[in-house]
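To start, the structure under review is shown below, and the notes come after it.
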4 protein chains.
Amino acid sequence: MVYPRISGLIAATFTPYDASGALDVSLIPKLVTRLREQGVKGVFIAGTTGESASLLLSEKQQLIAAYAPFNDEEFNVIVMLSGTSQQEAILLAKAAREQGIYGTAVTAPYYFRPSSVSQLVEYLVPIADAAGDLPLYFYHIPLLTRVDLSMLDLLDQVRDRIPNFAGIKYTHHDLMEFNRCLRFDGGRYDVLWGWDELFLAGLAMGARGAVGSTYNFAAPLYLRILEAYRKGDMDTALLLQQKSIDFISLYATYGGPAAGKAILSLCGYDFGQFRPPVVSLSPERKQALRRDLENLGFFSDIGY
Amino acid sequence: MVYPRISGLIAATFTPYDASGALDVSLIPKLVTRLREQGVKGVFIAGTTGESASLLLSEKQQLIAAYAPFNDEEFNVIVMLSGTSQQEAILLAKAAREQGIYGTAVTAPYYFRPSSVSQLVEYLVPIADAAGDLPLYFYHIPLLTRVDLSMLDLLDQVRDRIPNFAGIKYTHHDLMEFNRCLRFDGGRYDVLWGWDELFLAGLAMGARGAVGSTYNFAAPLYLRILEAYRKGDMDTALLLQQKSIDFISLYATYGGPAAGKAILSLCGYDFGQFRPPVVSLSPERKQALRRDLENLGFFSDIGY
Amino acid sequence: MVYPRISGLIAATFTPYDASGALDVSLIPKLVTRLREQGVKGVFIAGTTGESASLLLSEKQQLIAAYAPFNDEEFNVIVMLSGTSQQEAILLAKAAREQGIYGTAVTAPYYFRPSSVSQLVEYLVPIADAAGDLPLYFYHIPLLTRVDLSMLDLLDQVRDRIPNFAGIKYTHHDLMEFNRCLRFDGGRYDVLWGWDELFLAGLAMGARGAVGSTYNFAAPLYLRILEAYRKGDMDTALLLQQKSIDFISLYATYGGPAAGKAILSLCGYDFGQFRPPVVSLSPERKQALRRDLENLGFFSDIGY
Amino acid sequence: MVYPRISGLIAATFTPYDASGALDVSLIPKLVTRLREQGVKGVFIAGTTGESASLLLSEKQQLIAAYAPFNDEEFNVIVMLSGTSQQEAILLAKAAREQGIYGTAVTAPYYFRPSSVSQLVEYLVPIADAAGDLPLYFYHIPLLTRVDLSMLDLLDQVRDRIPNFAGIKYTHHDLMEFNRCLRFDGGRYDVLWGWDELFLAGLAMGARGAVGSTYNFAAPLYLRILEAYRKGDMDTALLLQQKSIDFISLYATYGGPAAGKAILSLCGYDFGQFRPPVVSLSPERKQALRRDLENLGFFSDIGY
C-alpha cells in the first residue's frame, strides 16, 4: 500500500492529567479544536511528548478513545504503540483500528535493543499485522531509544514484509539519511521531520511534513516559516526560524519537555504536570518562564 | 530499617510461556522446588532475564501471585517493579505487599532517563512508599538502562528519604564502587553481585550474595566456587569459575538470554521462547548448543 | 580582534605522499592553482582530511612551508595545529606565524579529554599566544575527538581570554547550536560549516563559509548550490545538494576518507594512499569507484 | 616467539619535568633505584600515566635513552610507542631496539579508529617489524582510545602475522575476556592487568603481572596483597585491597592522574606538573591531599 504523504504540521501532544496526576481526557477537545483552527494537520498521541513510557496500557487505550472522534480526512490522529512490549503494541494497534483513528507508530524497543534491522523487522511484523490497514510509521529517535540502525536498510526490508508500512517519523540528526529516505524507491515512503528547532533545515533538505511538540502552541510561527520558504524568501524564513530557536533554547534551560507543558499551560491549556522521572516546574519557575518568554516577544510571535 | 543481607545465590528467573507465547505459571513450582533443593536462596522475578520490558502489567501480577506461595524465611521472592512507568511500579509494589513476597526492586527509568541522583530518588520515593515495609532494591544495570549514576551518592541520598531501601542489585563493571557500596555507612546496605561469569571476582571484592540467570540451572557449580573460595583454595575456585566462563562464552555465541532459556529447557524445564525483539533459538540451534555443551562437559559440571 | 568572516568554500586538503608513502609537497601547487581558478577561497591543511593524527611534527612544518607561498588576501591558508600535544601545537603556531599563512585551528585534545570548557580554554591559551595575531579557530568535531562541550560556553569564555580567537570550524550535527554561535555577541565570531553533504542545510541555518574535503574536487557543484540558494531557488538547490549526497553516499561505501583521496586521484591529482589505520583502495576498487561515479554522472556534475 | 610472562608489578611511570615544564630526565635514576629495591619488576614509560599524548617524538626518544641503562634481566623497561601515528611508532620502535630496552607497547590509534581487528592488525604489523625481536604488547584501554575490539580475535589474528607479539596490557573492565585471553592457545600470551584498585580481582581471575601508576609509590601495599592472596588468606587480601581503593578514591576527588603525580611528589619524587589539558594541583590542594592521605593512614600503609 502507498499512503499519502502528510504535509504540514502534526502536533505531538502532551498527555492531560488532573491535579492528582490522573489522566483527564476532558481537556482534549478544546486544544484539538484550536489546533484545527490554526491549520495543524493532526496529532501524534502517546509519543515521547505524550509520556508513552510513563503511561499504563489502560491509559493509552483511553487516549485513543478520546482523540478518535476528532479524526477525519483533514485531521490525522496517530498513536504511538508502546515502547518495549510487543504484546502491548499489538493490543493498542487493535484499539486504534477499532476506534478508527488514522495511523500508528512504533519506536525501536529500548531495553532489549535490536542489533540488526532484521531483528527490528521481526519485532514490527506482528504489530503491523494487528494494525490491519492502518498505516504504521517507524518512530526513529536514537537519542532516547539508543537504537541507531540504518533507516535505508529498514525501508528496504519492510518493503516486502510490511504492506502497511507508511514511513518514518525521523527524530535524528542525520539529514543526509533523512533526504535519502525521502527519495527511497521513488519516494514511496513518508518521512516526517522531528526537530522543530530545525524545521527550516528539514524543509531545505526535502521535508514536507513535520511532527513536533511546539506545534501545540506555536504553529502559526512555523506556518510563516513554511510560507517564506515556499516563496524562496530564505532571509525571512531564517529570521523566523531563529525565533523558534530562541524560545526553545530558553525553555530548555527550564527543563525540556516539562517546560513545554508549562508553556502550553501559559497559553491557556493546563494539562498538568509531567510524571517522574521528568521534573516539572514549580509555580515560581513557571512565572519566571512566562516573563522570559514575554521579554523574547514569544507570545506575540505565536499570534497569541 | 536495616534488612538482613542476602547470602548465597538468587536465581533471576525466566518467564514461562506455553507454545502460543502466553504466560504459563504452571511451570513454576517444579523449578522452584529444584532450586530450593539445590540450596538456592531465592528468586528474582520479572527482571531482565524474566523479560520485564516485554510483559504486561497483568502478567507481572500473575507472576507475583504464582511465586508468592514459595516465599518463606529460607527462600526469598523478589520482584522487579517496572521499567519506565512509576504508576506501574506502584501498582506492582502493592501487589507484592498483598501477596506477601519478600521484596521488590526497581531499575532506573530508561526512556526519560534521570540525569541526577536526586531526580532518581524522587522517582523512587512513591514506589518505595507503596511497598510498605517490604525491602526495595535498586537494580543498577547501566548497560541496559543507560543510566550510570553514582551508587554511593544514591545510598547517601536514600538514607533519609527511603526507610525501606535495602540495597543494590549491582550489575555493572565497577568493582571498586561495588566494594565501596558494601562498606557504605558501616555496611548497612546489601549489595548483590550481578555477574555470574565473574562470581569469583565479586567474592574477592566482598560479595556475599549474588543474583544471576545461570543459577537457574548451574547453581551447584557456583556453590563449589563459593566453597573453594571460603577455604582459601583460590586455584580450585578459579578452575571452577573458568568452567562458568566457558559455558557462558559458548552460549553467548548462540544469542545471550534466549540461549540461557534454551539451556534451561535442555535441563528439563521448558519455559518456552523469548518474546521479540529477542531472537529465540531454532530447534536445530538448540540441539547444536546441546552438543557443544556436552563437549564442554557442562552437564556433568552442573551435577546434572 | 574581530577577523573578517570567511565566505565561500575552503578545501580541507589531503596530504600528498609519493609511492613510498613519504610526504611529497611537489604535488601541491597544481591543485592549489586549480582550486583558486574554481573560486575556492582557501585551504585547511593538516586537518582530519589531511591526516593530522598520522603526521610527524616535521611533516606538518613542511606542509606549512609548502602552502605558505599561495597564501594571500584572496586565498586563505589555515593549518590545524595538533592533536593532543600542546607543545606540538605551540611549535606549529610559531611556524605558521613565521611562514606567514592566514590562520590556525585546534581541536579538543582527544586522549586526555577536557571535561569542562574552562579546562579546554586553559589548554588553548598558550597555543593562541604562540599564534600571535594570526586568527585561531576551534575545530569542533566531537564524532572524532569525543569531546562535546558547549560551543556557546566556549565563545563566552574565550572572549576575554583569547583576543585572536576567530571562531569555530563546526563539524557537528547540532544546527541549532551552530546558528546560535553565528549570532553570538552580535555575530562577532566566524562559524564555518563542516558538512559538505549538508551544505544546503548549513546555508539555510545561516552558514556563509564552509570547510570540507569534497571541495577539493567538486567545488563547482557547491558553488551552483550557493548560487541557487542566493536566488531563493530552493528546488534547484535541493536537486544539486542531492547530487552531492549521492556521490558522498556512494564513496562512503568504498571507505570514507581514503575513497575521497581516490576520487582526487581520478580527477588527476594523485596524492597517494592514506596512512594506516585508514584502509586505502586497491587499484581494482578505485576503478570500480570510477565506474560507479560515471554512472552517477559525477564527473560532468563537477564540471570535469 | 613465546616470551616469558611478566610476574609481579610494573610501574607505569610519570614523565619528569622541571619547573618550566621541560623534560628533565635527571630525576629518573633515584626513583628507578627505589622501585627496584621495593621489588618492582619494571617500568612502563611514556604510557597514559607518562603523558604519551602530550610528548613530542624527541622527548619520547630522550625518555627511552634515559631509562635504557636500568634495563636488565630483573627489571624490564617497556615503552609505549605512540598514539595515532604509525610513523612515530616505527621511529620509536627503532629507538627502543637501538637502546636495548626490554619491550614495546602500542594502543589502538584513537583519531581515525580501526573498526575491525584486521584493520588494527595491518596498522600494527609495520610497527612490530620495526621492533625486531623486542616483544610488542597491545595496550587495550578503550576508555581512552574508544576502540573496543575483541582481544580474543586480536590474539587469533596476530598469531600468524606478528611473531614478536607478546600479549596485552589489559586496562578494560571485561574480566571474563581478560581470563580467556590468559588461557588463549594454551596460555602463550602474557596479559597484564591494568587496574590497581582491582588488583585482587585481577589476581582472582588469573592475573600474574600488573601495570599501574600507583605502583610508583605504593608497591609495598600491593606486594602484601599478593602475598596474602598466595596464602589463600582472602580476608587479609581484601582488607589490604580496600586500603588501595580508599586512597585511589580519595585522590580521584583531587583530579585523577595529576593527583597521582602529586602523591609521588609528596613521597619525595617531584616530577613536576602534568601538561594541559590535565589540570595539576595547586600547592594548597597538594597540602590538603597530604593531610587527607595522612588521615587515611596512607603513608604508613605504603611503608613510607
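The values are calculated or read from the model by the stated rules, or taken from the named source; none is laboratory data. Predicted model, so just to flag it, every value in this text is computed and none were measured. Here Cβ is always computed from backbone atoms with ideal geometry, including for glycine, and neighbour counts include all displayed protein chains. For accessibility, only protein heavy atoms count, side chains too; no ligands or nucleic acids. Shrake-Rupley method; radii C 1.70, N 1.55, O 1.52, S 1.80 Å.
Taking GluC sites (Glu not before Pro) as candidate sites, keep only those in a DSSP loop with at most 12 other Cβ atoms within 10 Å, then name the longest stretch of chain C containing none of them. The segment C:75-304 is the longest one with no such site. Each copy carries a label point for residue B:126 at 7 Å from Cα along the beta-carbon vector; from one copy to the others these points are 3.1, 5.4, 6.2 nm apart, nearest first. Using R0 = 25 Å, the C-beta based FRET efficiency linking residue C:208 and residue C:30 works out to 0.30.
For segment D:216-266, the dipole from Cβ point charges (+1 on Lys and Arg, -1 on Asp and Glu) about the Cα centre works out to 140 debye, to the nearest 20. Working note: Cα gyration tensor of segment A:67-122, eigenvalues times five, square-rooted, sorted largest first, giving semi-axes of 26, 11, 8 Å. Between the amide H of residue C:12 and those of C:44, C:212, C:213, C:215, C:216, distances stay under 5 Å, these residues lying 5 or more places away or on another chain, with hydrogens modeled in the peptide plane. Here the dipole of the protein assembly as shown is about 0 debye; that uses its Cα centre as origin and unit charges on the Cβ of Lys and Arg (positive) and Asp and Glu (negative). Both chains summed, the buried accessible area for D and C stands near 3000 Å², from protein heavy atoms and a 1.4 Å probe. The protein assembly as shown gives an Rg/Rh value of 0.96, both radii derived from C-alpha positions and Rh following Kirkwood. With its label point put 7 Å out from Cα toward Cβ, residue B:142 sits 1.4, 1.8, 2.2 nm from the same residue's point in the other copies, in order from shortest.
Largest first, the residues A:113, A:180 sort by 1.4 Å accessible area into A:180, A:113. Hull volume per residue, based on the alpha-carbon atoms of segment D:152-291 and their convex hull, is 139 Å³. Closest approach of a chain C beta carbon to the axis mapping chain C onto chain B (residue, whole Å): C:115, 8. These residues, D:274, B:70, go from largest to smallest accessible area, 1.4 Å probe, as B:70, D:274. Computed with every protein chain present, the accessible area of residue B:185 is close to 70 Å² [probe 1.4 Å]. Just to confirm my numbers, what's the Cα centroid distance between segment B:214-229 and segment D:260-286 in Å? Segment B:214-229 and segment D:260-286 have Cα centres separated by 46 Å. What percent antiparallel are the DSSP beta bridges of chain D, to the nearest 5? Beta bridges within chain D, antiparallel portion: roughly 5 percent.
Calculated on the Cα set of segment A:97-201, radius of gyration then Dmax: 13.3, 38 Å. For the residue pairs D:60/D:169; C:261/D:60; C:94/D:286; D:41/D:286, the alpha carbons lie more than 23 Å apart in C:261/D:60; C:94/D:286; D:41/D:286. In the frame of its principal axes, chain C has Cα extents of 53, 48, 35 Å, reported largest first. Between copies, residue D:62 shows label-point distances of 2.5, 7.4, 7.4 nm, shortest first, with the point placed 7 angstrom from Cα along Cα to C-beta. Couplings 3J(HN,Hα) for segment D:125-137, derived from phi with the Karplus relation 6.51 cos²θ - 1.76 cosθ + 1.60 (θ = phi - 60°), are 3, x, 5, 4, 4, 5, 7, x, 9, 5, x, 10, 9 Hz, where x marks Gly and Pro.
For residue D:125, put the label point 7 Å out on the Cα→Cβ axis and report which residues of segment D:92-117 keep their amide N under 15 Å from it. From segment D:92-117, the list is D:117.
Rounded to the nearest 10 square angstrom, residue D:84 shows an accessible area of 20 square angstrom against a 1.4 Å probe.
Cβ-Cβ distance of residue C:236 and residue D:185, R₀ of 56 Å, FRET efficiency by 1/(1 + (r/R0)^6): the value works out to about 0.35. Taking amide H positions as modeled 1.01 Å from N, with prolines and chain starts lacking one, the residues under 5 Å from residue D:165 and 5 or more places away or on another chain are D:136. Within the full protein context, the accessible area of residue C:20 is estimated at about 100 Å² for a probe radius of 1.4 Å. Computed over chain C, the per-residue total of -39500 (n - 2.57) for DSSP H runs of n ≥ 4 gives a 222 nm mean residue ellipticity of -14000 deg cm²/dmol, rounded to 500.
Surface exposure of segment D:8-218, expressed per residue as accessible area with a 1.4 Å probe, stands at 29 Å². Charged side chains reduced to their Cβ positions (Lys and Arg at +1, Asp and Glu at -1) give segment B:8-218 a dipole of some 140 debye around its Cα centre.
What FRET efficiency do you get for residue C:160 and residue C:249 if R0 is 35 Å and r is their Cβ-Cβ distance, rounded to the nearest 0.05? Here the calculated transfer efficiency is 0.20.
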